[in-house]
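Chemist: Quick one: this structure, given as structure tokens, is what I'll be asking you about.
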Amino acid sequence: MNTWLIQGGHVIDPANHWDDEADIWIQEGVIKKVGKHLKISTDKVIEAKNKLVVPGLVDMHVHLREPGFEYKETIKTGTQAAVAGGVTSVACMPNTNPPIDDQAIVHFIHHKASEEGFCHVYPIGCISKQRQGQEMAEIGELKKAGVVALSDDGSPVMNSELMRRVMEYAREQDLTIIDHCEDLHLSNEGVIYEGSTSLRLGLRGIPAISETIMVSRNILLAEMTGARFHVAHLSTAGSVELVRQAKRKGLAVTAETAPHYWTLSDQFIKTYNTHFKMKPPLGSEADVAAIRKGIQDGVIDCLATDHAPHASTEKQCEFELAAFGIVGLETLFPLTYTHLVEPQVISLSKAIEMLTINPAKVLGISKGTLSEGAEADVTIFDIKTSQKVDVSQFKSKGRNSPFNGWELRGWPMITMVQGHIRYQHPQFHIKGYQL
Amino acid sequence: MIWKSKDLLSIEELSKNEIETILETAVSFKSVSERTVKKVPTLRGKTVVLFFQEPSTRTRTSFELASKRLSADNLTIQSSASSLTKGETLLDTMKTLESMKIDALVIRHSCSGIPHLLAQSMQASVINAGDGFHEHPTQALLDLLTVRENHPHLDQLTITFVGDILHSRVVRSNIYAFKKMGARIRVCGPPTLLPKDFEKWGVEVFYHLDAALQGTDVIYVLRLQLERQKKNLFPTLREYSQLYGITSDRLLKANSGAIVLHPGPMNRGIEISSGVADGSAARIDDQVSNGVAIRMAVLYLLLGENPERRTP
Ligand SMILES: [Zn+2]
Ligand SMILES: [Zn+2]
């Protein structure tokens, strides 16, 4: 029988209000019990004293690139990167080729993930056919095939009428609309946010309002239609404020932000390092402060990576021509722990909540808990030992990280998916067990 | 002083001392261009490649002449933006050049930051001949030299740049250059082409030309890229020239004896009237001749024998 006992760790399971030392008993891939000093006879024991034990993280914004861009990443390498980052469930964005706008692609991804994947994969379906922003995709069929949300991520839905109709339609399919909020007329050919850095480097600027204006439109449409609207990769102070107001009104509006928006500002773009080029771009110091405040106040619900792997040639080139986006799966928790928890922006348990149960709720998946009977997705972190980010060790095909060389704490030691160890840190040992 | 850096990428990274060294060296090279035999053997055996991805007759010929007068071998590559997108990346092209053992690469490119990218990966000296909207260092140096010939005390003058400030690499380099020399700097243009954020650079921002010209010793007229009109940055060329064109009447608003510079090529009748361009205040021809001297100085300082220069 496949039985594990994770012993003596500091267990945080926000969904069940657990934040204390405990043992976790896992049998046949399912959580049997969480409690103090469990007496279970098994030789498969993981000694977790002084370690943090939490539900496997849920990253609701990942680009796995397959099908179509396998040279950047595959379902196999992307999910391997996920477990190396302590993530056990990813929601993958539909800007693949072909895009996830019909059932066949959803089935393909499910199939590939079950054959080669290291963790759970939840496809997000397109809002519009071919992500063209013109005609509604087959939302009902996508739902039947198992998509967990809708998004044209990468291509903002500029047509407000389409967004209205999709929101009305999706409401009755019980699907959340995740929009990449960007007014394409305002962002135009810009590559970083407009401000002193864009002026200094002579790079075309994007006004920050290009995000805010679309967040505003979408909130108004969500209010009108009663749909659930989720802001992808929120990056500006203005958007934080709008989401705050929407929540006060009681609207079904949620938001996520990514590690680079709470750790980096446009001031980091000193030269022309394309690892600082992403969309939305890095905000001002004031934007970063507002995002940290939004995380603290609960205005921002989820922490997600927007993991966007690219081939090195797509980054080693002219800044203006370089691809937008950075990888994030393997640095998600260390950047959360070192830059949000240690400086006391949020508590450790709040951070875990924003990385587990909150995104699971937005997507409507039963993940992100250690409840009895739940699939045993568990991650063990070491929050004491510092380690440098080393992109050459990444499991992802993408090496496009601005964090290479950063000294961080909060590295995963063990990542368990359905009771199977899918990642083990080279320095973490389990008596009598080798992955 | 001993010149230490391998590349010339921007004015931002130069010290006042370094700027003065370049200007002094240029002054000494000016006489070469006035001889009957306009050539010195200083850079014999060195190879200078001029890579121009954007057309620019003026800057390219200026660099060509400068390197020829220093007896360097030179090779000009004109490449359109489109020919670079056929699979071969810019870095590939440069690696090819590097294998041919060149000593310097003079690069003009429409993307900001390209000289930085190349300088990091090349042994050869990289000289920025204009990158995107970022910088055009030799232009600013030749402008400094030209202005200094008229006003020896740069720290006592007011210079006003007029036109499309936002998209101008010439302005960026010039702001750094004149600021380091202590001049008072004004910028003036339509609000769509002049973000208020420029105030953070320690320059005065004006949207009305007459006010900007009052008390000005040097008027620096920028070339207007005519296609900006299509992007809703100003309504018509007619209106632009009415509001921001430098005419003989406008010139009277500036200090008496004010001089006018333009980096060329000019749109006569738009940003500058022919009366001003050909008039006594214009120093546009001096800019051109000083350009050769400045580029000789830069090539000499970067490539000349100098045991102390750090090799990368
Ligand atoms: Zn996006
Ligand atoms: Zn994305």
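Chemist: State yes or no: is A:G154 in contact (Cβ under 8 Å) with a residue 12 or more places away in the chain, within 16 Å of ligand 1 (Cβ to nearest atom) and under 23 Å from the mean Cα position of the chain (by Cα)?
Modeler: Details: in contact (Cβ under 8 Å) with a residue 12 or more places away in the chain: yes; within 16 Å of ligand 1 (Cβ to nearest atom): yes; under 23 Å from the mean Cα position of the chain (by Cα): yes.
Considered against the rule, which asks whether it is in contact (Cβ under 8 Å) with a residue 12 or more places away in the chain, within 16 Å of ligand 1 (Cβ to nearest atom) and under 23 Å from the mean Cα position of the chain (by Cα), A:G154 comes out as yes.
Chemist: So A:K247 ticks every box in (1) away from ligand 1 (no atom under 16 Å from the Cβ); (2) of a type in the set (D, E, K, R); (3) surrounded by 19 or more Cβ atoms within 10 Å (Cβ to Cβ) but one. Which box is left unticked?
Modeler: Condition not satisfied by A:K247: (3).
Chemist: Here's a follow-up. When the residues of region B:225-284 are filtered to those that are among the β-branched types (V, I, T) and in a loop (DSSP other than H, G, I, E, B), which remaining residue is nearest to B:P152 (Cα to Cα)? Before you say what the answer is, go through the steps one by one.
Modeler: Filtering region B:225-284 down to residues among the β-branched types (V, I, T) leaves B:236, B:246-247, B:259-260, B:270, B:272, B:276, B:284.
From what is left, the residues that are in a loop (DSSP other than H, G, I, E, B) are B:236, B:247, B:270.
Values: B:T236: 39, B:T247: 26, B:I270: 31 Å.
Residue satisfying both the conditions and the ranking: B:T247.
Chemist: Sticking with this one: Within the group A:T77, A:T88, which residue is away from ligand 2 (no atom under 16 Å from the Cβ), polar (S, T, N, Q), more than 25 Å from A:A255 (Cβ to Cβ) and touching a Pro at 6+ places or on another chain (Cβ under 9 Å)?
Modeler: Details: A:T88 fails: more than 25 Å from A:A255 (Cβ to Cβ).
Among A:T77, A:T88, only A:T77 is away from ligand 2 (no atom under 16 Å from the Cβ), polar (S, T, N, Q), more than 25 Å from A:A255 (Cβ to Cβ) and touching a Pro at 6+ places or on another chain (Cβ under 9 Å).
Chemist: OK, next. Mind checking which residues of region B:179-213 are away from chain A (no Cβ under 14 Å), assigned to a helix (DSSP H, G or I) and open to solvent by less than 10 Å² (accessible area, probe 1.4 Å)? Spell out how you get there, then give the answer.
Modeler: Step one: of region B:179-213, the residues away from chain A (no Cβ under 14 Å) are B:180-186, B:188, B:190, B:204, B:206-213.
Next, only the ones that are assigned to a helix (DSSP H, G or I) stay: B:180, B:209-213.
Answer for region B:179-213, where residues must be away from chain A (no Cβ under 14 Å), assigned to a helix (DSSP H, G or I) and open to solvent by less than 10 Å² (accessible area, probe 1.4 Å): B:L209, B:A212, B:L213.
Chemist: While we're here: Under 9 Å between Cβ atoms, at least 6 apart or on separate chains: pull out the pairs that start in region A:158-180 with a residue that is of a type in the set (F, W, Y) and end on any residue that is within 16 Å of ligand 1 (Cβ to nearest atom).
Modeler: Correct list of pairs: empty, since none qualify.
Residue-by-condition table, conditions (1) without any contact (Cβ under 8 Å) to a residue 40 or more places away in the chain; (2) under 17 Å from A:T379 (Cβ atoms):
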site	(1), (2)
A:Q7	no, yes
A:H17	yes, no
A:D23	yes, yes
A:I26	no, yes
A:S41	yes, no
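Chemist: Can you pull out the helices (runs of 4 or more DSSP H) entirely within region A:153-204 that have at least 2 residues that are within 16 Å of ligand 2 (Cβ to nearest atom) and assigned by TED's automatic domain parsing to the domain that holds A:T96?
Modeler: Details: elements: A:160-172, A:184-187, A:196-201.
Correct list: A:184-187.
Chemist: Follow-up. Is there a residue being in a loop (DSSP other than H, G, I, E, B), open to solvent by 50 Å² or more (accessible area, probe 1.4 Å) and at pLDDT below 95 anywhere in region A:125-142? Spell out the reasoning first.
Modeler: Initial filter on region A:125-142 (in a loop (DSSP other than H, G, I, E, B)): A:126-127, A:132-135, A:137-138.
Narrowing the set further to residues that are open to solvent by 50 Å² or more (accessible area, probe 1.4 Å) leaves A:132, A:134-135, A:138.
Subsequent filtering for residues that are at pLDDT below 95 retains none.
No, every residue in region A:125-142 fails to be in a loop (DSSP other than H, G, I, E, B), open to solvent by 50 Å² or more (accessible area, probe 1.4 Å) and at pLDDT below 95.
Chemist: Tell me, yes or no, whether region A:77-92 has at least one residue that is open to solvent by less than 10 Å² (accessible area, probe 1.4 Å), within 16 Å of ligand 1 (Cβ to nearest atom), under 27 Å from A:L150 (Cα atoms) and out of contact with any Cys (no Cβ under 9 Å at 6 or more places or on another chain).
Modeler: yes
Chemist: Taking only pairs six or more apart or across chains, which ones have beta-carbon atoms under 6 Å, a first residue in region A:226-244 that is away from ligand 2 (no atom under 12 Å from the Cβ) and open to solvent by less than 10 Å² (accessible area, probe 1.4 Å), and a second residue that is at pLDDT 95 or above and among the basic types (K, R)?
Modeler: That search, which allows pairs on different chains as well, returns A:A227/A:R171.
Chemist: If the requirement is being on the phi < 0 side of the Ramachandran plot, outside any helix (DSSP H, G or I) and among the small types (G, A, S), which of these qualifies: A:A290, A:A246, A:A255?
Modeler: Values: A:A290 fails: outside any helix (DSSP H, G or I); A:A246 fails: outside any helix (DSSP H, G or I).
Going through A:A290, A:A246, A:A255 in turn, the sole match is A:A255.
The values are calculated or read from the model by the stated rules, or taken from the named source; none is laboratory data. Remember, predicted model here, so these are calculated numbers, not experimental data. FYI the Cβ positions are ideal-geometry reconstructions off the backbone, even for glycines, and counts take in every protein chain you see. Note: accessible area is taken over every heavy atom of the protein model, side chains too, but ligands, DNA and RNA are not part of it. Shrake-Rupley method; radii C 1.70, N 1.55, O 1.52, S 1.80 Å.
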